[in-house]
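Undergrad: One structure follows; several queries about it will come next.
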Amino acid sequence: MKRLLIIFLILGVLFGTSTFASAGWTLTPTILEQADHLLTWQVVCTSDGNALTATDIMASMGDRLKAKVGGSLAMIMSVVPGTAGVIPNTTIDVTLSDANGYTLYAHTSISKDANTYGLDLSEDYKQYLPIFGQFKLALNDIGDSGDQVTLVFYCWKEKI
C-alpha cells in the first residue's frame, strides 16, 4: 500500500498536476495542450455546496505547472459544467482577480446545462489577463456538494 501511495505521489509531481482544497472546494488544474506560444490549461472545480470565495488557482498547482502558466496572458475562457450526477443546480458566476483583489474579469449567469465557449477575457480589463504569482477565482454557490464546473483557459506565453 505504501509503495502505491509513493508511486501516485511521484506521478503527480512528474505530471505537474495537483489538487487543492479551499473552504471545502477542490480545485484540480492540468495542462491540456501547448504548442509554440499557445498554452491551454483547465481547472476542474468541485463544489462543497457553498460559494467559492476568491481563491488563488496558482496555489493549487505543482511547481512545473505553475512555471508553465505563470507569466502567460489568459485570452479566452470556456466554461464546461459537469454532467449527470455532478451538474450544477444553477447558473455559474465566475470572477477572476489578481493578488491585490482587483477584479480582472466577471461574468454571471453562465449556462449550467451547456458548454460556453470563447469568453473574451479582455472584456472587462480591456487587455488580456496577466497571470503572475496569484490568479484568484471566485464562483457562486453552484449547487450541491460534489457538483462540478471546469474552466478552460487559452493563454499566450512568450517562452514556454
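Undergrad: Is it true that M58 is within 13 Å of the chain's Cα centre (by Cα) and within 25 Å of K126 (Cα to Cα)?
TA: Working: within 13 Å of the chain's Cα centre (by Cα): yes; within 25 Å of K126 (Cα to Cα): yes.
It is true that M58 is within 13 Å of the chain's Cα centre (by Cα) and within 25 Å of K126 (Cα to Cα).
Undergrad: Could I ask something else about it? For the range 96-110: of the residues being among the small types (G, A, S) and within 13 Å of I131 (Cα to Cα), which is nearest to the chain's Cα centre (by Cα)? Reasoning before the result, please.
TA: Step one: filter the range 96-110 for residues among the small types (G, A, S), giving 97, 99, 101, 106, 109.
From what is left, the residues that are within 13 Å of I131 (Cα to Cα) are 97, 99.
Working: S97: 12, A99: 16 Å.
So the residue we want is S97.
Undergrad: In the list N50, N89, N100, which residue meets the criterion of being part of a loop (DSSP other than H, G, I, E, B), without any contact (Cβ under 8 Å) to a residue 12 or more places away in the chain and of a type in the set (S, T, N, Q)? Before the answer, list the steps.
TA: Values: N50 fails: without any contact (Cβ under 8 Å) to a residue 12 or more places away in the chain; N89 fails: without any contact (Cβ under 8 Å) to a residue 12 or more places away in the chain.
Unique residue meeting the criteria: N100.
Undergrad: Okay, next question. Could you grab the pairs with beta carbons closer than 6 Å, sequence gap of 6+ or different chains, first residue in the range 138-158 and more than 10 Å from D93 (Cβ to Cβ) and touching a residue at least 40 places away in the same chain (Cβ under 8 Å), second one among the charged types (D, E, K, R) and part of a strand (DSSP E or B)?
TA: From the range 138-158, the pairs are S145/D48.
Undergrad: Give the residue, chosen from G118, G146, that is part of a strand (DSSP E or B) and surrounded by 12 or more Cβ atoms within 10 Å (Cβ to Cβ). Show your work before the answer.
TA: Values: G118 fails: surrounded by 12 or more Cβ atoms within 10 Å (Cβ to Cβ).
Matching residue, one of G118, G146: G146.
Undergrad: Pairs only if they're at least six apart or on different chains, beta carbon under 7 angstrom, first in the range 69-84 and more than 16 Å from K136 (Cβ to Cβ) and at pLDDT 95 or above, second charged (D, E, K, R) and buried (at least 17 other Cβ atoms within 10 Å of the Cβ); list them, first residue then second.
TA: These pairs meet every condition: G71/K157; P81/K112; G82/D147.
Undergrad: Looking at K126, is it among the basic types (K, R) and either in contact (Cβ under 8 Å) with a residue 60 or more places away in the chain or surrounded by 15 or more Cβ atoms within 10 Å (Cβ to Cβ) (or both)? Break it down into steps so the answer makes sense when it comes.
TA: Values: among the basic types (K, R): yes; either in contact (Cβ under 8 Å) with a residue 60 or more places away in the chain or surrounded by 15 or more Cβ atoms within 10 Å (Cβ to Cβ) (or both): no.
No; evaluated as a whole, the condition is false for this residue.
Undergrad: Identify, by number, the condition in (1) over 13 Å from the mean Cα position of the chain (by Cα); (2) buried (at least 17 other Cβ atoms within 10 Å of the Cβ) that F153 doesn't meet.
TA: F153 satisfies all of (1) over 13 Å from the mean Cα position of the chain (by Cα); (2) buried (at least 17 other Cβ atoms within 10 Å of the Cβ) except (1).
The values are calculated or read from the model by the stated rules, or taken from the named source; none is laboratory data. Note that the structure is a prediction, hence the values are computed from the model and not measured. Every residue, glycine among them, receives a Cβ derived from its backbone with ideal geometry; neighbour counts consider all protein chains shown.
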